[in-house]
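No value in this document is a laboratory result; all are computed from the given coordinates. Note that the coordinates shown come from a computational prediction; the quantities given were computed from them, not determined experimentally. Because the Cβ atoms are built from the backbone with ideal geometry, glycine has one as well, and the counts that use them run over all protein chains shown.
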Amino acid sequence: QVQLVESGGGLVQAGGSVRLSCAASGRTFMMGWFRQAPGKEREFVGTIHWGLGITNSADSVKGRFTISGDNAKNTVFLQMNSLKPEDTAVYYCAAKLQWGMTWGYWGQGTQVTVSS
């Protein structure tokens, strides 16, 4: 069992920056970020593969959001720059423990609100 604890988020003006953190209580295979805006389905933001050191992000955030992590501390970060009002959402951290598994572990979510 792995627990994920997120931090960061809040209210920011358009064009501003926010950094989210997510700490896992144990080792994971991959960690990722997802977001859910009001009235919309949860969508993929990005992932980090610890073993390969590879990150991946959605086209909608490329060039603005950066995923990084500290494997030794089981912590993943989401640096969000040039924020837009449409980035307003609850941001969730998720983890996989093995290749081929689903995103079985989720954080509690943290609200990011971007004002215009």
Below 28 Å, Cα to Cα, which lysines can LYS96 reach? Residues fewer than 8 away in the same chain don't count. LYS40, LYS62, LYS73
Debye, to nearest 20: dipole size of the chain, +1 on Lys, Arg Cβ, -1 on Asp, Glu Cβ: 120
Length-normalised contact order of the chain in % [C-alpha pairs under 8 Å, at least 6 apart]: 36
Residues other than ALA37 with Cβ under 15 Å of its Cβ, Lys/Arg counted +1 and Asp/Glu -1, net out at 0
Build a GNM of the chain with springs between Cα atoms under 10 Å: which of THR102, THR28, THR55 gets the top mean-square fluctuation? THR102
Lys and Arg at +1, Asp and Glu at -1: add these up for the other residues within a Cβ distance under 11 Å of ASN81 and post the number. +2
